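The values are calculated or read from the model by the stated rules, or taken from the named source; none is laboratory data. All figures in this text were calculated on a predicted structure; none of them were measured in a lab. Cβ placement follows ideal geometry from the backbone for every residue including glycine, while neighbour counts extend to all protein chains displayed. With ligands, DNA and RNA removed, areas are computed over all heavy atoms of the protein, side chains included. Shrake-Rupley method; radii C 1.70, N 1.55, O 1.52, S 1.80 Å.
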Amino acid sequence: MEPTLPLFDEEPARPLADRLRPTRLDEVVGQDHLLTRDAPLGRMVARQRLSSAILWGPPGVGKTTIARLLAHAGGLAFEPVSATFSGVADLRKVFAAAQHRRGIGQGTLLFVDEIHRFNRAQQDSFLPYVEDGTIILIGATTENPSFELNGALLSRTQVLVLKRLDEAALSTLLDRAEQLTGHPLRIDADARRALIAMADGDGRYLLNMAEQLQTLPGTGENVDTAALAHHVQQRAPLYDKAQEGHYNLISALHKSMRGSDPDAALYWLARMLDGGEDPLFVARRLVRFASEDVGIADPQALQQTLAAWDVYERLGSPEGELAIAQAVVYLATAPKSIAVHRAFNAAHRAARRTGSLMPPAHILNAPTRLMKDLGYGKEYQYDPDTADGFSGADYFPDGMDRETYYQPTRNGYEAQITERLRHWAALRARRNE
């Protein structure tokens, strides 16, 4: 009888991304702006004086790896904690262990992944231990620290921004994967470029895809771009509708339209919709843009955006999204003017400054005899009946000098308005001589 073999006779193979984890800081790719000798982290390591920091960057760019290597370079105990799974009780244990180590002369680097998920009270619990040097805190976050971390913690840490990995860095990771495994990826040059693009700057995701490709049964032929999509999962774009990505991309769309770049505007629109943004949110922003940035330079802009909103509500996705795209192109190519926006703000300031001044009596209706006796409506001139269709009357309150708020541009339809206002100003001046 053959001997019974254990159910698991060897340790499961570690993922490729873990096997390729750098063992030295100079092996980390894509973050030279932080790690070279004259960069912030490089200088800390060279001086052997680490300070607490927040590593802010997208997934898969090396935040955890850098924290581990900083602990090793500084001779510190590495304590990893995930804000997703840990609470104050877990942190107390870490702080107690760090205090014990400090008593025997060893420091502690506390790495907190997803630190933005801790609430204000949990974030405050770090403060005394950071201040007295019990721990060096390295927090990792994919969200803007200025929005997600409280001011007291930010004032005691340095925020360091990690970049998404560029094509050169991702290509280096693929080269290392092939060297480690001893098996070149069986993909052609175009598919290799497509694989890098699909990673969207995430090194860990790239290596996971490469590992999938290395397990494919051999056919003797390289995988081309068309076949690549069948073998690996398309990465969903990084986009959080409730967080900074939401505001960054709508800002990019808005400014691309303001800069009269329809191609860039369509790109950002597509990024938002592919990320799951509500098309009605975009439609509302387009209506705002039509009033705020186009205005009377093209009065049709507002109608175009309202029509796009209506079409989307009638058709839904994906057909209705084309109407939104049409409105984006219309706004991007329309003449721009914020003259009405500025004029309205100036009028608001004047209204607050002048208080409760009454309208001049000649433009008040007089439905009663008393009001007529008080001069309401007296000498009112009905402009359409005048020779020029313009009376030149003063419509500002008595005791208030005439002010100019609306100053149209020379863009689009406003150029005609400019000439019309000049003509009326000349008529007003002659009639008031």
* **Distance between the stretch 81-148 and the stretch 334-362 - C-alpha centres, whole angstrom** => 53 Å
* Hey, what's the stretch 236-392 come to in accessible area per residue, 1.4 Å probe, Å²? -> 57 Å²
* Asked: Which lysines does Lys163 reach when only Cα atoms under 26 Å apart count, and residues fewer than 8 places away in its own chain are ignored?
  -> Lys63, Lys241, Lys255
* Would you please name the trypsin sites (Lys or Arg not before Pro) within the stretch 329-433 that are DSSP coil residues with at most 15 other C-beta atoms within 10 Å of their C-beta? => Lys378, Arg402, Arg410
* Could you give the accessible area per residue of the stretch 134-214, probe 1.4 Å, as a whole number in Å²? -> 43 Å²
* If you compute Cα Rg over 2.2 N^0.38 Å for the structure shown, which of [x] 1.07; [y] 1.22; [z] 1.48 do you land on? -> [z]
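Give me the percent of accessible area attributable to carbon and sulfur for the stretch 124-199, probe 1.4 angstrom.
Values: 1770 of 3450 Å².
The computed percentage sits at 51.
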* Of Glu379, Glu313, Glu148, which has the largest mean-square fluctuation in a 10 Å C-alpha GNM of the chain? -> Glu379
* Nearest-10 value in Å² for the accessible area of Asp175, using the 1.4 Å probe -> 60 Å²
* Calculate how steeply helix 88-103 sits against the longest principal axis of the alpha-carbon atoms of the chain, using the helix alpha-carbon long axis, and give the answer as 0 to 90 degrees to the nearest 10. => 60 degrees
* Take the chain, connect every pair of alpha-carbon atoms lying under 10 Å apart with a spring to form a Gaussian network, then pick out the residue of Ser171, Ser251, Ser391 with the largest mean-square fluctuation. => Ser391
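If you roll a 1.4 Å probe over the stretch 358-433 with all protein chains in place, what percent of the accessible area is carbon or sulfur? Numbers along the way, then the final one.
On the way: 2840 of 5640 Å².
Taking all protein chains in place, the stretch 358-433 shows 50 percent carbon and sulfur surface.
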* Asked: Based on the Kirkwood radius over alpha-carbon pairs, what value in µm²/s does the Stokes-Einstein equation return for the translational diffusion coefficient of the stretch 291-433 at 4 °C and 1.567 mPa s?
  -> 69 µm²/s
